[in-house]
Amino acid sequence: MTNPKGAAWYSGGLSAALGVPGAGNVYYVNGGSDGPADDLFDGLTPATPKQTLQAGIDLCTPNQDDYVVVLNYGGNARAVETWPVTVDCDMIHIVGVGGLAQKWPVVSVLAPAAGDTANPALLVTASRCEIANLELGGGDTAACVQVGNVAGIWGVEIHDCFFGVTGDGVGQDGIGVLITHDAPYLTVWGCRFGASITRDGIRIAGNATRAMLGVPGKTPNIFNSLAGVAVNLTGTVVLPQIMNNVIAIPANTASAGISLSANVSDALVFLNYANFGDTDMGNNPFADAAGAGANNWGANMVGITLTQPS
């Protein structure tokens, strides 16, 4: 099977990002009401898309820099998708057509009706993958996106996605790395995390060596009224960078902004902003349980006041 129009052909249409040097083939998914009722199309053009996201991913070739463009995704696909959708092909890009104001493709386990509560929407088991411009929702006991395995899944980039911003994008956590799992160089920027997440925005219970949770110069991550902790590193995390995050906490709750466990080491935590209300909150939203000097903190603000962690 050959793709009749490569990435460069589409660079002037759907996205200039599809025309980057070295980009591979482009495949299309439309799981919305305007899409097909099965996966029999070849996925090679917008007029012949796959119905399910998994079918689109399965067309990709590892390490060829292929793109899966999600034109739409709704109940048509969610009713037949097998959860989780497994991102198991190295060096691919999964890109929705949503803009800054709205993520039209909603890849969600539970929406529009109760579904598989124990699985994430996306389970990322391949390295050097990009996920962008999607609204994502996981099960009641799972993250919306789960990244990593015991051996380590390297260089996953997640940006410009919604987690819990609407009632369709529910989940226990937004992005999660499980205990014993590693996700080196996990990079998250430009994402919005909202109140439909029932626990933490980003929760790393294992490791994510040299993760970048927020990137200076990029659009910040925004956390608004999460029930738990915005960025919660509960595991043994080495050399994480946590920067450029804006956090609105729904109550005067200590440690609800950024929290590091006693086993986090050599972290770089700079230029983050957190607060509850319209005056500086009384409890410190930044917490570091490691020993003195284990991590590096600076220029983090609570309201309008520079604040070190408790």
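The values are calculated or read from the model by the stated rules, or taken from the named source; none is laboratory data. This is a predicted model, so every value here is computed, not measured. Cβ sites come from the backbone with ideal geometry, for glycine too, and all protein chains shown count toward neighbours.
The table for this structure:
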{"item": "Answer residue from region 179-196, given it is assigned to a loop (DSSP other than H, G, I, E, B) and within 12 Å of the chain's Cα centre (by Cα) and is surrounded by the fewest Cβ atoms within 10 Å (Cβ to Cβ) among those", "result": "190"}
{"item": "Residue match in region 80-90 (condition: buried (at least 17 other Cβ atoms within 10 Å of the Cβ), touching a Cys at 6+ places or on another chain (Cβ under 9 Å) and in a strand (DSSP E or B))", "result": "yes"}
{"item": "Some residue of region 282-300 being in contact with a strand residue (DSSP E or B) (Cβ under 9 Å, 6 or more places away or on another chain) and either without any contact (Cβ under 8 Å) to a residue 12 or more places away in the chain or closer than 17 Å to residue 182 by Cα (or both)", "result": "no"}
{"item": "Scope region 235-254; condition crowded, with 20+ Cβ neighbours inside 10 Å and either in contact (Cβ under 8 Å) with a residue 60 or more places away in the chain or not in a strand (DSSP E or B) (or both); matching residues", "result": "235, 237, 240, 244, 249"}
{"item": "Candidate set from region 91-108 (those that are within 18 Å of residue 35 (Cα to Cα), among the hydrophobic types (A, V, I, L, M, F, W, C) and part of a loop (DSSP other than H, G, I, E, B)); member that is modelled with the lowest pLDDT", "result": "104"}
{"item": "Every residue from region 2-53 that is among the hydrophobic types (A, V, I, L, M, F, W, C), assigned to a loop (DSSP other than H, G, I, E, B) and either modelled with pLDDT of 55 or more or in contact with a Leu (Cβ under 8 Å, 6 or more places away or on another chain) (or both)", "result": "20, 23, 37, 40, 41, 44, 47"}
{"item": "Those residues of region 197-233 which are surrounded by fewer than 20 Cβ atoms within 10 Å (Cβ to Cβ) and either of a type outside the set (S, T, N, Q) or more than 18 Å from residue 270 (Cα to Cα) (or both), in sequence order", "result": "198, 199, 210, 215, 216, 217, 218, 222, 224, 225, 227, 228"}
{"item": "Residues of region 136-174 satisfying the condition of being among the acidic types (Asp, Glu), outside any strand (DSSP E or B) and either modelled with pLDDT under 95 or buried (at least 24 other Cβ atoms within 10 Å of the Cβ) (or both)", "result": "140, 168"}
